[in-house]
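A short write-up of the structure that comes next.
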Amino acid sequence: MSVKNMLEHQIETMVTDVHRLELSGGSDAAALARIRTIVSHELLKCDVMEITIGALGALEQESAVKRLMGIVSYCSEHFRYEDRILSAVVLPVSIKLRALNMIQMSIDKGERGDLRDLSVKMVQALGARKVIFDTRLYNGTDLNQMKSRDVLGFLLQLEAGVFYPSGGPRAISLQAESQPSWKSAFFIGVEIVDIRKYPGLNDWPVQMQASGWCEHPRASIEYCDEVLFNVDIEAEVSSHGAFYLARGLEAGVRGLRKMRILEMLEALEADGASLQIFCTQIEFSSQVRTLMVGPQLTLEHKWNLLRDETLWEFQQELERLALEVLPEFDAQCITQLDEEDYKAQAKKFQVPLFRVLGRPI
C-alpha cells in the first residue's frame, strides 16, 4: 500500500470511528480509545496532524466535528499512560503590584507553602495521587502556544519532583509600578490520577468546592517574601479558580477583563442613577467598544469577546459587574447601538478627550 493510500485509509478509519462514537452517544469505548491513540500520537510525535486534520475535513456533521475537536482538546491537556493520567492544571490570577516611594521591585513566583496547601485540598477533592505546582508565574499566551510534547515534558518533571522544570515557556516577572494596572498571570501544575479515574477538575461538583480554593493562589503572591518583607510594595490579587489548561487560560482572560471593567466603573465615581453605558460590536471583528459616561468623566475602551461569546452575553456580564459596584444601577442604562449611532454618542460626549488608551482586553 502506498503512503498516500495508507494515509487515506487511516483518515477513513478515524472518520468511521467518530461516526460510531456519535451513534453511541459517546459510549463506544473502543472507538474512543482508537481515536485518542491516533490524536495523542500526532500531537506528541508529528509536526503535522495529517490524519486528524484529514478526518475533520471529511466529517460532514457539525456534531461529529465538535466531538473530534473535543478529543483533540482533551489529548492536549490529558496524557494517558498504562497506570495513570497526567493533566495540566492552571491557576489564573490577576495582579496589581503597586510601588511606593518610587522603588524598583518585581515578583516572578509565589510562596510555595500556600500552593502546597492547595495541592492537599485538590488531592482530597479529586481522589488524585498527587497535585504539584510550579511556583513561578507564566504568561497565558506562552502557555497557550506550548506544543503538547513540551507540556507533557514539563508535567513529567513536576511529577518527578523538579521544582523548576525546564523546556517550557519562560517565567514572567511583574514589575511594581506607581500607578499599576491589572495584569494577568498563571501558575501551572500537574494532576496525577489513576488510569481508572476520570479527570474531573472542570466538572461542576468539583468547581463548587474550588470556589473556596481561591485564597491559596492569592496568599501565595500577597505573602511571598518580595511583598511580605517589603513595606514599599503593595500587592492586590484576584484569583479566578483552578481548571485544566484550556479552560483555565480562558478563565484568566475573562478574569482580567472583569477586573479592568470594575476598575473603570470605580474610576467614574458615579452613582447608579447617573451612569450610562453604550456598547457596540466592531464590524467584522470579535471586539466590543464601550462608552461609559459618568457625571464628571467619560471612558471608552475596546474589549475582546471570548470564544463563542455574543455581544448580548458581554452586555449581561457588564450589567452584573455594574451592579457589583453600584447596587442601585438600572440595567436599562446599558444601551446597545449600531456603529453609526455609537459614533454619534462618542462625539456628543467628546470621548477623544477621555479615551482610555491601550490594547483591547
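The values are calculated or read from the model by the stated rules, or taken from the named source; none is laboratory data. Quick caveat: nothing in here was measured; it's all calculated off a predicted structure. Here the Cβ is made from the backbone with ideal geometry for all residues, glycine too, and neighbour counts use every protein chain on show.
Worth pointing out:
- Residues within segment 182-209 that are outside any loop (DSSP other than H, G, I, E, B) and farther than 20 Å from Gln157 by Cα, tallied: 9
- One residue stands out among those in segment 284-330 that are of a type in the set (Gly, Ala, Ser) and at pLDDT 85 or above: the one that is nearest to Ala267 (Cα to Cα), which is Ala322.
- Flag if Ser94 is within 22 Å of Met146 (Cα to Cα), surrounded by fewer than 19 Cβ atoms within 10 Å (Cβ to Cβ) and in contact (Cβ under 8 Å) with a residue 24 or more places away in the chain: no
- Selected residue [charged (D, E, K, R) and either outside the structural domain of Ser211 (by TED's automatic domain parsing) or in contact with a helix residue (DSSP H, G or I) (Cβ under 7 Å, 6 or more places away or on another chain) (or both)] from Lys130, Lys147: Lys130
- Residue in segment 178-201 that is small (Gly, Ala, Ser), in contact (Cβ under 8 Å) with a residue 12 or more places away in the chain and under 18 Å from Arg112 (Cβ atoms) present: yes
- Qualifying residue in segment 16-35 (condition: buried (at least 17 other Cβ atoms within 10 Å of the Cβ) and under 20 Å from Gln145 (Cα atoms)): no
- Test: residue in segment 262-276 that is modelled with pLDDT of 95 or more, surrounded by 20 or more Cβ atoms within 10 Å (Cβ to Cβ) and in contact with a helix residue (DSSP H, G or I) (Cβ under 6 Å, 6 or more places away or on another chain): no
- Residue within segment 201-215 that is touching a helix residue (DSSP H, G or I) at 6+ places or on another chain (Cβ under 6 Å) and of a type in the set (Phe, Trp, Tyr) present: yes
- Evaluation of Thr37 against (1) in the same structural domain as Glu250 (by TED's automatic domain parsing); (2) of a type in the set (S, T, N, Q); (3) free of Cβ contacts under 8 Å to residues at least 40 places away in the same chain (one fails), failing number: (1)
- Segment 227-239 - residue that is at pLDDT below 95 and buried (at least 18 other Cβ atoms within 10 Å of the Cβ) and, of those, farthest from His78 (Cα to Cα): Ile233
- Residue list for segment 132-171, filter: in contact with a Gly (Cβ under 7 Å, 6 or more places away or on another chain) and at pLDDT below 95: Gly167
- Taken over segment 150-170, the criterion of being surrounded by fewer than 14 Cβ atoms within 10 Å (Cβ to Cβ) and either among the small types (Gly, Ala, Ser) or in the same structural domain as Leu43 (by TED's automatic domain parsing) (or both) is satisfied by Ala160, Gly161, Ser166, Gly167.
- Any hit, segment 139-157, residues being acidic (Asp, Glu) and free of Cβ contacts under 8 Å to residues at least 24 places away in the same chain: yes
- A single entry from Val288, Val253 fulfils the requirement of being in the same structural domain as Ala185 (by TED's automatic domain parsing) and either of a type outside the set (S, T, N, Q) or not in a helix (DSSP H, G or I) (or both): Val253.
- Of all residues making up segment 331-361, the number that are buried (at least 16 other Cβ atoms within 10 Å of the Cβ), assigned to a helix (DSSP H, G or I), at pLDDT 70 or above and touching a Ser or Thr at 6+ places or on another chain (Cβ under 8 Å): 1
- Residue match in segment 58-69 (condition: closer than 19 Å to Asn144 by Cβ, in a helix (DSSP H, G or I) and either modelled with pLDDT of 95 or more or outside the structural domain of Cys224 (by TED's automatic domain parsing) (or both)): yes
- Segment 115-142, subset under 21 Å from the mean Cα position of the chain (by Cα) and closer than 26 Å to Pro205 by Cβ, residue surrounded by the fewest Cβ atoms within 10 Å (Cβ to Cβ): Ser119
- In segment 244-257, the residues that are over 20 Å from Met122 (Cβ atoms) and in contact (Cβ under 8 Å) with a residue 12 or more places away in the chain form Cβ pairs under 8 Å with partners that are in a helix (DSSP H, G or I) and of a type in the set (Gly, Ala, Ser), at six or more places apart or across chains, as follows: Val253/Gly140.
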